[in-house]
1. Can you tell me which of (1) within 15 Å of the ligand (Cβ to nearest atom); (2) in contact with a helix residue (DSSP H, G or I) (Cβ under 8 Å, 6 or more places away or on another chain); (3) closer than 29 Å to residue 182 by Cβ is the one residue 27 doesn't meet?
2. Given the criteria more than 10 Å from the ligand (Cβ to nearest atom), in contact (Cβ under 8 Å) with a residue 24 or more places away in the chain and either closer than 16 Å to residue 101 by Cα or in a strand (DSSP E or B) (or both), does residue 15 qualify?
3. Go through the range 37-49 and give me each residue that's closer than 27 Å to residue 94 by Cβ and touching a helix residue (DSSP H, G or I) at 6+ places or on another chain (Cβ under 9 Å).
4. For the range 97-105, state whether one or more residues are part of a loop (DSSP other than H, G, I, E, B), in contact (Cβ under 8 Å) with a residue 24 or more places away in the chain and either surrounded by 19 or more Cβ atoms within 10 Å (Cβ to Cβ) or within 8 Å of the ligand (Cβ to nearest atom) (or both).
5. Could we say that residue 43 is within 13 Å of the ligand (Cβ to nearest atom), surrounded by fewer than 19 Cβ atoms within 10 Å (Cβ to Cβ) and touching a residue at least 60 places away in the same chain (Cβ under 8 Å) here?
6. Take residue 150 and decide whether it is within 9 Å of the ligand (Cβ to nearest atom), closer than 22 Å to residue 19 by Cα and in a helix (DSSP H, G or I).
7. One residue is enough: does the range 65-82 have a residue meeting the conditions assigned to a helix (DSSP H, G or I), over 20 Å from residue 8 (Cα atoms) and either more than 13 Å from the ligand (Cβ to nearest atom) or touching a residue at least 24 places away in the same chain (Cβ under 8 Å) (or both)?
8. Considering only the range 140-163, I want to know if a residue exists there that is at pLDDT 85 or above and within 13 Å of the chain's Cα centre (by Cα).
Ligand code: 5GP
């Protein structure tokens, strides 16, 4: 049986990756999202085990000590990590796995899983990014500013990195979704995998 592949979608907060991923997952039954562990509190409507596994700092540290994460990162002062076992289980069963992680995490995955497909989603402009962060309305003004500064730094860093295989400008979600679907389709057709 063909082993599943890893698709790493990285984007800064507010770029629209969650919306895009949800739409894609609904349509593509061979694609499954990896559910990360995080120490940040749930937002309204977020469900434990579906959006994230919401864990305490102690639980997170324990998993980390046991080398249970494929990668982990401290994002905005909270910890986020990709559970290794879950990813391995899916790929063993031939399912492709989508990781929605930040740039630091993608860098780590590149080292351990260089054959993963790295896709970066970027906002059309800095102004649009700020507008989207504000519109979401789930963070305080201070938190929005923090996310905006980190995003600006990451975008700059991305231009210098030879990390990404594909770059998608998320101007209009339906278009970005079609581009993403084409990338996944093409990667699945590669004879070497
Ligand atoms: P949020 O708190 O807005 O859900 O996520 C904040 C950032 O953490 C986003 O850029 C998101 O992609 C990233 N993130 C979510 N899960 C993981 C993970 O498991 N590992 C890493 N490195 N980043 C993650």
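1. (1)
2. Working: more than 10 Å from the ligand (Cβ to nearest atom): no; in contact (Cβ under 8 Å) with a residue 24 or more places away in the chain: yes; either closer than 16 Å to residue 101 by Cα or in a strand (DSSP E or B) (or both): yes.
No.
3. Here is the first cut: in the range 37-49, the ones closer than 27 Å to residue 94 by Cβ are 37, 47, 49.
Answer for the range 37-49, where residues must be closer than 27 Å to residue 94 by Cβ and touching a helix residue (DSSP H, G or I) at 6+ places or on another chain (Cβ under 9 Å): just 37.
4. From the range 97-105, those part of a loop (DSSP other than H, G, I, E, B) are 102; that's our starting set.
Going one step further and asking which of them are in contact (Cβ under 8 Å) with a residue 24 or more places away in the chain, we end up with 102.
Then keep just the ones that are either surrounded by 19 or more Cβ atoms within 10 Å (Cβ to Cβ) or within 8 Å of the ligand (Cβ to nearest atom) (or both); that gives 102.
Among the residues of the range 97-105, at least one is part of a loop (DSSP other than H, G, I, E, B), in contact (Cβ under 8 Å) with a residue 24 or more places away in the chain and either surrounded by 19 or more Cβ atoms within 10 Å (Cβ to Cβ) or within 8 Å of the ligand (Cβ to nearest atom) (or both), which makes the answer yes.
5. Working: within 13 Å of the ligand (Cβ to nearest atom): yes; surrounded by fewer than 19 Cβ atoms within 10 Å (Cβ to Cβ): yes; touching a residue at least 60 places away in the same chain (Cβ under 8 Å): yes.
Yes; evaluated as a whole, the condition is true for this residue.
6. Working: within 9 Å of the ligand (Cβ to nearest atom): yes; closer than 22 Å to residue 19 by Cα: yes; in a helix (DSSP H, G or I): yes.
Yes: the conditions hold for residue 150.
7. Residues of the range 65-82 assigned to a helix (DSSP H, G or I): 65.
With the extra rule that they be over 20 Å from residue 8 (Cα atoms), the set shrinks to 65.
Now narrow it down to the ones that are either more than 13 Å from the ligand (Cβ to nearest atom) or touching a residue at least 24 places away in the same chain (Cβ under 8 Å) (or both): 65.
There is at least one residue in the range 65-82 that is assigned to a helix (DSSP H, G or I), over 20 Å from residue 8 (Cα atoms) and either more than 13 Å from the ligand (Cβ to nearest atom) or touching a residue at least 24 places away in the same chain (Cβ under 8 Å) (or both).
8. No, that holds for no residue.
The values are calculated or read from the model by the stated rules, or taken from the named source; none is laboratory data. Computed from a predicted model, the values in this text were never measured in an experiment. Glycine gets a Cβ as well: all are built from the backbone with ideal geometry, and neighbour counts include every protein chain shown.
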